[in-house]
Amino acid sequence: MNDNFQFSGQQKMSALLSKDFSLLGVLTRMGLPFGFGDASVEEVCRKGGVDTKAFLLICSIYALDGYVPPRELMQEVDVRDIVKYLHRSHRWYLDEFLEELADALKEMTAPCSEKYHLIIRKFLNDYREELAKHFAYEEETVFPYVDQVLAGKEGKDFTILQYEKNHSNIQEKLEDLKSLVLKYMPDICESRAIYRALTYIYALEYDLARHTVIEDDILIPLVSRLEHHE
Amino acid sequence: MSKQVLLVVPSAIVARGLEQVLSGTGEFEVACILGHLSGNSPAQLKDMVFDVIIIDPSIFEYASRSNGKSVTASFSDAPVVAMECTPLDDNIRKQYDGVLSLTDPPAGIIEKLREAIASRSETQKNEGEELSAREKEILVCVAQGLLNKEIADRLCLSIHTVITHRKNITRKTGIKTVAGLTVYALMNGLMEM
């Protein structure tokens with residue numbers, strides 16, 4: 001672990017991204033394009049209409065283990081940018097990542113009997129539904145609530161604390177899928193295809209874990225502070 | 001798979017320190033950290049499988065401290081190692097499968113945990129990683145969506161026995177959820193779709 005490492009707006013975007021593979025996903029979901037050449041993080045963010053502080057905060061969570069954001073950063077960052085990022089991530093998981101994972105699993109089970117195909121597809125569909133339900137709660141209840149708090153119009157029947165309490169684990173099924181693919185695929189499956197499926201599963205597992213950290217350690221404290229008018 | 005560790009340590013510094021020492025090797029993984037063992041934490045832990053448990057005995061009332069290890073027995077049969085943050089009585093030390101000291105070097109901690117696990121697995125009969133016939137039977141019931149109580153009734157077992165079997169199934173297969181176990185049962189021809 002590199003504890004002294006910190007990202008800054010002045011460093012080159014290419015240098016920041018080279019720190020960790022998962023940052024490529026953050027860049028994409030922030031709506032920032034590649035082809036930035038030698039531009040700094042700040043320049044790329046400004047050009048793409050993204051708040052630099054929110055970008056640095058999210059990148060730090062993804063790339064630095066056990067990162068604790070400095071208090072000033074937490075005060076300066078706009079909760080709307082965090083919500084926007086979470087929203088885009090939700091869409092990305094469901095519309096893009098799970099589709100790619102489904103393709104990889106389909107390719108992997110191609111040499112197997114129809115039965116394997118169906119079993120794995122059903123498992124993934126069930127997991128997709130679980131994720132969609134989890135995200136829908138955030139999209140339909142939590143995020144609108146954040147808007148209400150920002151407008152000073154929140155009702156009395158919901159607080160961010162309830163969200164914190166109900167925040168369920170969305171990783172268990174994915175971990176099981178990992179074990180199943182890693183340990184129990186029949187010999188006729190190609191190693192290359194199993195490897196490809198596993199890279200998607202590992203990447204999704206990592207990304208979801210960091211996504212949860214952003215919700216628990218950034219979104220909830222920010223909203224809680226707004227609730228108390230701090 | 002790395003050995004799963006449960007930490008029951010009130011001090012965040014000690015917990016993070018242990019986590020750091022253990023995660024560095026890849027041999028151990030801290031699966032869960034608790035600050036205390038309240039009345040309901042065992043329920044939360046019932047579906048988790050641990051290879052070793054590290055407890056700071058100061059979480060127990062002094063009067064009941066000698067019972068510390070029996071608390072963990074209700075949810076896990078893993079060896080229990082004490083984390084000595086405050087000096088412990090000799091008769092309390094004896095209750096544990098090992099005692100870690102704050103001044104132990106990282107390698108010493110790893111050694112003590114290995115010894116605790118080794119001594120425990122000698123006392124347990126050495127079963128293979130294949131599921132037994134009974135475990136397969138229970139696995140199919142789980143995959144069919146039966147609850148522990150229903151499985152116990154169907155197979156004429158106590159609920160406690162069913163839970164123990166389920167833990168062993170999860171330990172052997174590495175699969176926790178009902179959906180995952182169903183896939184396992186189907187793929188291995190234990191049941192039809």
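Read the figures in this text as sums done on the coordinates, not as results from a lab. Because the structure is a prediction, the values reported are computed rather than measured. Here the Cβ positions follow ideal geometry from the backbone for every residue, glycine too, while neighbour counts run over all protein chains shown.
Where q = 0.14, 0.20, 0.21, 0.26 Å⁻¹, what log10 of I(q)/I(0) comes from the Debye formula for region B:133-187, counting one point per Cα? Each listed q corresponds, in turn, to -0.29, -0.61, -0.68, -1.04.
The convex hull built on the alpha-carbon positions of region A:87-136 has an orientation-averaged projected area of 3.2 nm². Each residue, residue B:23 and residue B:94, gets one label point 7 Å from its Cα in the Cβ direction; the gap between the two is 3.8 nm. Kirkwood-based Rg over Rh for the protein assembly as shown (C-alpha set), two decimals? Looking at the protein assembly as shown, the ratio lands at 0.99. Along chain B, counting only GluC sites (Glu not before Pro) with a DSSP assignment other than H, G, I, E or B and at most 13 other Cβ atoms inside a 10 Å radius, the longest segment between sites is B:62-126.
Its Cα gyration tensor gives region B:68-173 an equivalent ellipsoid, and the semi-axes of that ellipsoid, as √(5λ) in whole Å with the largest first, are 35, 16, 11.
Calculate I(q)/I(0) for region A:13-74 by the Debye formula, one identical point scatterer on each C-alpha and no solvent, and give its log10 at q = 0.12, 0.22, 0.23, 0.25 Å⁻¹ to two decimals. Each listed q maps to, in turn, -0.27, -0.90, -0.98, -1.13. Give the separation of the Cα centroids, region B:134-193 to region B:85-114, in Å. A separation of 37 Å, based on Cα centres. Secondary-structure-derived ellipticity at 222 nm for chain A, considering helices only, amounts to -19500 deg cm²/dmol, per-run term -39500 (n - 2.57) for DSSP H runs with n ≥ 4. Computed over the Cα atoms of chain A, the ratio of the radius of gyration to the Kirkwood radius (Rg/Rh) comes to 1.01.
Both numbers refer to the Cα atoms of chain B; Rg and Dmax are 18.2, 58 Å.
Hydrodynamic analysis of region A:142-230 uses the Kirkwood radius over alpha carbon pairs. Inserted into Stokes-Einstein at 37 °C and 0.692 mPa s, it gives a translational diffusion coefficient of 208 µm²/s. Exposure proxy for B:160, A:117: other Cβ atoms within 10 Å of each Cβ, ordered fewest to most, give B:160, A:117. Residues A:228, A:90, A:167, B:165, arranged from fewest to most other Cβ atoms within 10 angstrom of their Cβ, appear as A:228, A:167, A:90, B:165.
What is the distance in Å between the Cα centroid of region A:86-118 and that of region A:160-184? Taking the Cα centre of region A:160-184 as reference, the centre of region A:86-118 is 17 Å away.
Sequentially through region A:136-142, phi angles give Karplus couplings (6.51, -1.76, 1.60; θ = phi - 60°) of 4, 4, 5, 5, 9, 10, 6 Hz, Gly and Pro residues having no value and appearing as x. Of all stretches in chain A that contain no chymotrypsin sites (Phe, Trp or Tyr not before Pro) in a DSSP loop with at most 12 other Cβ atoms within 10 Å, the longest one is A:35-230.
For A:188, B:92, which order do you get if you count the other beta carbons within 10 Å of each Cβ and list the fewest first? Arranged by neighbour count, lowest to highest, A:188, B:92 become A:188, B:92. Taking every DSSP helix (H) stretch of at least 4 residues in chain B, weighting each as -39,500 (n - 2.57) and dividing the sum by the residue count yields a mean residue ellipticity at 222 nm of -13500 deg cm²/dmol.
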